[in-house]
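Notes for the one structure printed next.
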Amino acid sequence: MIAALTQNMQTRAANLLAALEASLKTIMAFWLILAMGACSLRVSLGAVGAGSNDLGTALPYILVIVMPLVSMGLALKWFADGENMAQPDMRLALVGKWRDVDASEAKAHSLYGASGIMVSLLVGMLLNVPVRVAEFLVAIPAITSAVPSWLSVLHFMMTLDVVLLTSLYTIAFVAALRRVPLFPRLLVAVWCIDLAMQLSVAQLVAAQGLPSSVAAPLQTLLDANVKKVLISVGLWAPYLLLSRRVNVTYRHRVEA
């Protein structure tokens, strides 16, 4: 019964992976429509500051909409032959006893591919994009050019955070999907950048002298972002190190 249940879960994961790969263009088109609607609604609710809306008001939302699409398009081009890219010269994942195999033996292995539990990681990285954008749109208002300096800095840093991280998680998603050997390192690097961005936002914005009514909600938001990254690290770092599927797919090695 357990074997049948495991096989059923693996089959579902494989089907979901195939659907993801086949639907990337549809996903991109859906994102464009969804993000345009959400960002337009955010701007239509009114901008903070004197003066009327101009390009400076719209530009952050244009970047929020476009950059994940640009990143995915570039990553699909960069990693078109991802599984055939060279393995790194130095191993950083030293936990466990493994034996290196050549590419043909790795691809013939029954666990080769971004299926199984890996599908949950892929879906999580992809869902991180709309979640972060939704948090940004809810927490940060549109602004005109005539706003206090602290609000200008806050808006810039939060825009940079959402644009940079959604782009990086999108690239990591494609790297995992295309079985790029450097994917585990890339995801760890994205986690580190994510944590560094939360700390940078907190320090730079706090130096502007935020009103107490803004400082407390901002601290709550940044703390929540840090906790989400740390939870992801706690859940997925051991898997990336010890999973036989990850090791045979991305590191071309099997248990010794």
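Below is a table of values for the structure above.
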item: Ala58-Gln208 FRET efficiency (beta carbon distance; Förster radius 30 Å; 0.05 resolution); result: 0.80
item: Per residue value of the accessible surface for segment 115-180 (all protein chains in place, 1.4 Å probe), Å²; result: 32 Å²
item: Candidate residues Arg178, Arg99: accessible-area rank, largest first, probe 1.4 Å; result: Arg99, Arg178
item: Computed FRET value (nearest 0.05) for Ser23 with Arg244, which takes r as the C-beta separation and R₀ as 30 Å; result: 0.60
item: Heavy atoms of Glu105: accessible area, 1.4 Å probe, square angstrom to 10; result: 90 Å²
item: Net +/- balance of residues flanking Ala256 in space, Cβ distance below 15 Å, scoring K and R +1, D and E -1; result: +3
item: Inter-probe distance in nm under a simple model that places probes 7 Å from Cα toward Cβ, at Leu32 and Arg91; result: 4.4 nm
item: Surface share of carbon and sulfur [accessible, 1.4 angstrom probe, percent] for the chain; result: 69 percent
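The values are calculated or read from the model by the stated rules, or taken from the named source; none is laboratory data. On a predicted model such as this, the values are computed, not experimentally measured, just so you know. Using ideal geometry, Cβ is built from the backbone for each residue, glycine included, and neighbour counts are taken over all protein chains shown. Just the protein is used for accessible areas: all its heavy atoms, side chains included, with ligands, DNA and RNA removed. Shrake-Rupley method; radii C 1.70, N 1.55, O 1.52, S 1.80 Å.
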